[in-house]
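Structure first, commentary second.
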Amino acid sequence: MESSSSFPDVESSNSETSSINTGNTSSSAGASSSATTLSRYENQKRRDWNTFCQYLKNHRPPLSLNRCSGAHVLEFLRFLDQFGKTKVHTPICPFYGHPNPPAPCPCPLRQAWGSLDALIGRLRAAYEENGGKPETNPFGARAVRLYLREVRDLQSKARGISYEKKKWKRPPPQQQSTAASPPPPPPGAG
């Protein structure tokens, strides 16, 4: 199953399962199984890493990994946009800010922010697993973080849905009392 273009696409169904689809989805039924089987995340990370390394080889001029910078990561992310499946309305579109537009429009398809965020997370981990130093990791560069924030903000405005950071509720503080008394009744209960 080869992609019709010269490069694989990125699935953007959700951030947990998104990966670069290389078309190599054959099962290992015919091959001898190894002692350890990789998790779905590890397989995605390996495929994404191999795809990024292939992108560096195809880059003109070809780039070695140790010369790769945040700017090259941004080029890669912008390159992947052409394979996106998420409609991102432009400010001049009548459906800008509407989560469920009633009709089609000519706005471009892009990679979803969640897919890019998950991809960068996997590539950041793969870089260090393949011998890269954390302080030189191009996937953790400030420019990459700013780009992801910009994409998130642009897409949330275009859809009319904001991406809120999950707020964790702190457990109520436990009162230290020596007498075992029942909790007070809720307000209005009487």
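Every number in this text was worked out from the coordinates using simple rules, so none of it is lab data. Fair warning: this is a prediction, and the values are worked out from it, not measured in the lab. Glycine gets a Cβ as well: all are built from the backbone with ideal geometry, and neighbour counts include every protein chain shown.
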Highest average packing first - 111-118, 145-152, Cβ atoms within 10 Å: 111-118, 145-152
Using modelled backbone amide H atoms (1.01 Å from N, in-plane), which distant-in-sequence or interchain residues come within less than 5 Å of residue 87's amide H? 110
Output ordering of 131-137, 41-47 (per-residue mean of other Cβ within 10 Å, highest first) is 41-47, 131-137
If you average the alpha carbon positions of the range 112-151 and of the range 74-94, how far apart do those two centres end up, in angstrom? 19
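Whole number please: convex hull volume per residue, Cα atoms of the range 71-142, in Å³.
Normalising the Cα hull of the range 71-142 by residue number yields 108 Å³.
Mind ranking 70-76, 98-104 by how tightly packed they are, going by the mean number of other C-beta atoms within 10 angstrom, highest first?
Working: 70-76: 17.9, 98-104: 9.7.
Per-residue mean Cβ counts within 10 Å order the peptides as 70-76, 98-104.
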Based on the Cβ-Cβ distance of residue 43 and residue 79, what FRET efficiency does E = 1/(1 + (r/R0)^6) give at R0 = 25 Å, to the nearest 0.05? 0.65
Let's test the formula: R0 of 45 Å, r as the Cβ-Cβ distance of residue 50 and residue 105. What FRET efficiency results, to the nearest 0.05? 0.80
Rg/Rh over Cα atoms for the range 38-159, Kirkwood Rh, comes to 1.03
Mean separation of Cα pairs under 8 Å and 6+ residues apart, divided by the residue count of the range 38-159: what relative contact order is that in percent? 33
